[in-house]
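K.L.:
Handing you a structure now.
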Amino acid sequence: MFSPITVAFFRVLPLLVPSLFISGGDATNSSNTLKKATVMVENISKNKFINSVGNNAAKAKYEKMVPAFYYRPTNKDCQLLRDQWIRAKYERKEFMFLEQQEPYSAGYREGFLWKRGRDNGQYLNRKFILSEREGVLKYFNKNDAREPKAIMKMDTINATFQPGKIGTPHGMQITYLKDNSTRNIFVYHEDGKEMVDWFNAIRVARLHYLQVAFPGAPDSEWLPKLTRNYLKEGYMEKTGPKHTEGFKKRWFTMDDRRLMYFKDPLDAYARGEVFIGNKDHSYSVLPILPPSVQGYHWQFGITIVTPDRKFLVTCETEKDREDWIAAFQIVLNRPMLPQEYAVEAYFKHKP
């Protein structure tokens with residue numbers, strides 16, 4: 001008796017290899033065809049088994065000591081993360097020897113990164129220090145400066161690779177809250193390993209901060225929150241609070257529950273931020289604009305409803321609108337966390 005997999009294979013074999021099946025063949029040809037097909041099935045099964053065993057053996061060897069905080073890229077991540085993951089495993093053997101992980105796991109990291117200027121857009125070499133003990137990442141405008149130009153606390157910091165937006169394969173966007181407004185910093189380094197080491201150093205510092213701040217919670221709760229990619233980014237047009245102002249093209253970023261819009265994708269600060277709460281708390285999105293609204297150029301409108309006001313935006317294509325609404329629905333359908341109520345309260349009383 002053949003196994004179910006073999007039977008299924010025989011059913012599709014004529015489509016895969018038509019040359020094996022010649023119309024009008026005699027019993028001898030049929031027997032030969034069956035033998036060839038059986039050999040093919042056996043070879044495919046052997047190859048799958050060998051590959052499976054080989055992959056498992058390689059993982060057991062080269063991924064033996066991957067730290068929980070270390071970011072394991074998927075096929076959706078940028079080329080840099082995927083390349084450095086392979087190099088870390090097989091070239092540098094970082095997960096076979098703990099001392100190889102010291103550049104990002106030691107709790108302190110110091111070095112230079114090219115940082116984009118807030119006002120002129122020029123990239124300048126800046127000294128960065130990550131201190132797990134202090135719970136901060138800071139940078140200095142001058143090498144011998146005593147006081148840092150900016151201090152980014154671990155409770156609000158995030159890092160995400162943005163090669164397309166920044167225009168370099170090693171570009172990373174770091175965000176943190178300053179006076180409860182999002183501040184963007186764009187950095188890169190010529191060495192890809194250097195950038196991925198900084199990225200994972202931020203992740204482990206974030207994990208240790210969360211372990212101390214919330215001692216009762218398991219690490220599994222924090223690991224997905226060490227860093228995050230944006231739910232959605234792209235251009236939309238928006239109007240003002242009276243809905244009579246002209247629509248202007250703006251770059252929008254959906255970062256968790258914060259919808260931010262910028263004049264330029266590389267702006268240091270957003271022109272505005274909108275809190276998107278849970279659907280059971282008077283938040284919703286509608287794939288339409290009020291009929292009285294005029295002055296928009298893009299035809300695919302969205303109305304974002306919050307307890308305080310409605311925000312009107314338009315998309316260039318129907319697909320863009322569908323994607324944005326899908327991103328909004330992820331947040332709208334997710335229950336609010338206790339700390340998110342405090343953020344919501346700030347937005348309601350924001351001057």
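The values are calculated or read from the model by the stated rules, or taken from the named source; none is laboratory data. Quick caveat, the model's predicted, so the values are computed rather than measured. Reconstructed Cβ throughout: ideal geometry from the backbone, glycine too, with neighbour counts over all protein chains shown. With ligands, DNA and RNA removed, areas are computed over all heavy atoms of the protein, side chains included. Shrake-Rupley method; radii C 1.70, N 1.55, O 1.52, S 1.80 Å.
K.L.:
Specify the residue that is farthest from the chain's Cα centre (by Cα); the eligible residues are those in the range 310-328 that are closer than 18 Å to Met254 by Cβ and either at pLDDT below 95 or open to solvent by 60 Å² or more (accessible area, probe 1.4 Å) (or both). If you could, list the steps in order and put the result at the bottom.
P.N.:
From the range 310-328, those closer than 18 Å to Met254 by Cβ are 310-317, 319-328; that's our starting set.
In the following step, the residues that additionally are either at pLDDT below 95 or open to solvent by 60 Å² or more (accessible area, probe 1.4 Å) (or both) were identified as 310, 316, 319, 322.
Values: Lys310: 28, Glu316: 24, Lys319: 21, Glu322: 20 Å.
Of everything passing the filter in the range 310-328, Lys310 is farthest from the chain's Cα centre (by Cα).
K.L.:
Can you find even one residue in the range 329-341 that is surrounded by 18 or more Cβ atoms within 10 Å (Cβ to Cβ) and under 21 Å from the mean Cα position of the chain (by Cα)?
P.N.:
The answer is yes, given that some residue of the range 329-341 is surrounded by 18 or more Cβ atoms within 10 Å (Cβ to Cβ) and under 21 Å from the mean Cα position of the chain (by Cα).
K.L.:
With the requirement that a residue be under 14 Å from Met152 (Cβ atoms), touching a helix residue (DSSP H, G or I) at 6+ places or on another chain (Cβ under 9 Å) and not aliphatic (A, V, I, L, M), what does the range 97-135 give you?
P.N.:
Passing the criteria: Arg109, Phe128, Ser131, Glu132, Gly135.
K.L.:
Go over the candidates Lys115, Lys138, Lys127, Lys89 one by one and state the one that is part of a helix (DSSP H, G or I), crowded, with 17+ Cβ neighbours inside 10 Å and of a type outside the set (S, T, N, Q).
P.N.:
None of the others qualify; the one that does is Lys89.
K.L.:
For the range 267-286, name all the residues that are out of contact with any strand residue (DSSP E or B) (no Cβ under 6 Å at 6 or more places or on another chain) and open to solvent by 30 Å² or more (accessible area, probe 1.4 Å).
P.N.:
Residues satisfying the conditions are Asp267, Tyr269, Lys279, Asp280, His281, Ser282.
K.L.:
Another question, if that's okay. Are any of the residues in the range 144-167 over 18 Å from Val204 (Cα atoms), touching a helix residue (DSSP H, G or I) at 6+ places or on another chain (Cβ under 7 Å) and without any contact (Cβ under 8 Å) to a residue 24 or more places away in the chain?
P.N.:
no
K.L.:
Now a separate question. Output the number of the condition that Lys225 fails; it satisfies all remaining conditions of (1) surrounded by fewer than 19 Cβ atoms within 10 Å (Cβ to Cβ); (2) touching a residue at least 60 places away in the same chain (Cβ under 8 Å); (3) under 17 Å from the mean Cα position of the chain (by Cα).
P.N.:
(2)
K.L.:
Go through the range 217-244 and give me each residue that's modelled with pLDDT of 90 or more and of a type in the set (Ser, Thr, Tyr).
P.N.:
Ser220, Thr227, Tyr230, Tyr235, Thr239
K.L.:
Select from the range 296-309 the residues that are out of contact with any Pro (no Cβ under 8 Å at 6 or more places or on another chain) and closer than 18 Å to Glu273 by Cα and write down the one among them that is least open to solvent (accessible area, probe 1.4 Å).
P.N.:
Checked the range 296-309; the qualifying residue least open to solvent (accessible area, probe 1.4 Å) is Ile304.
K.L.:
Tally time: how many residues in the range 72-86 are closer than 13 Å to Phe199 by Cα and open to solvent by 50 Å² or more (accessible area, probe 1.4 Å)?
P.N.:
Within the range 72-86, residues that are closer than 13 Å to Phe199 by Cα and open to solvent by 50 Å² or more (accessible area, probe 1.4 Å) number 1.
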